[in-house]
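S.K.: Before we start, here is the structure in question, set down as structure tokens.
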Amino acid sequence: MIDKLSRKLNLTPTELKLSGFLIVSLIIGFILKFLLGVNEKTELSFYNYSQIDSIFLNEEKNDTNNSEILNKNVDYKREVFDFYERGFNKVYKKQLPAEKSINLNKATKEELMNLPGIGEKTAESIIEHRNKLSEFRKLEDLLNVKGIGSKKLDTIKKYLYIE
């Protein structure tokens, strides 16, 4: 019977059972409300905030610092930028080096950081790996450095040489 009804209403049997339960529950709730005479009405109460507002208004009149704070025009951009160490206006742009201008075995951290895709951590990793090896023998040795893959190596290879 449920299958036939669910096909006619285009619902799954579970949806049909759930809908039936909700309808039966709603009907039982209305019947109980009318039979038992439950007539619960809640009265709306309004709260008068004028007494609390007057406290703040009196404080504002008595305290000149409060009125200065309330009327202060704040340059929000400046306030936000002051918390940022580097500042948004001082964007660091990398100076790309000339081709074959960086000796991989003698490069400093700053020189390595000017390479595209190389940040501070990767530059430190390159130097650390160089110190372990004593020197790089070929550019492909960079693939053993954490943070450098074949794509990044292809990008920076034209700026590097080994002596």
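The values are calculated or read from the model by the stated rules, or taken from the named source; none is laboratory data. None of the values given here were measured: they were computed from a predicted structure. Here Cβ is always computed from backbone atoms with ideal geometry, including for glycine, and neighbour counts include all displayed protein chains.
S.K.: Among the candidates LEU32, LEU9, LEU96, LEU57, single out the residue that is in contact with a Pro (Cβ under 9 Å, 6 or more places away or on another chain), surrounded by 10 or more Cβ atoms within 10 Å (Cβ to Cβ) and at pLDDT below 90.
M.R.: LEU96
S.K.: Still on this structure: Can you tell me which residue among SER19, SER67 is modelled with pLDDT under 65, small (Gly, Ala, Ser) and outside the structural domain of ASP154 (by TED's automatic domain parsing)?
M.R.: Exactly one residue qualifies, and that residue is SER67.
S.K.: Go through the stretch 98-129 and give me each residue that's without any contact (Cβ under 8 Å) to a residue 40 or more places away in the chain, under 30 Å from the mean Cα position of the chain (by Cα) and assigned to a loop (DSSP other than H, G, I, E, B).
M.R.: ASN114, GLY117, ILE118, GLY119
S.K.: Conditions first: (1) among the hydrophobic types (A, V, I, L, M, F, W, C); (2) closer than 11 Å to ASN105 by Cα; (3) within 32 Å of the chain's Cα centre (by Cα). ILE162 passes all but one, so which condition is the exception?
M.R.: Going through the list (1) among the hydrophobic types (A, V, I, L, M, F, W, C); (2) closer than 11 Å to ASN105 by Cα; (3) within 32 Å of the chain's Cα centre (by Cα), ILE162 breaks only (3).
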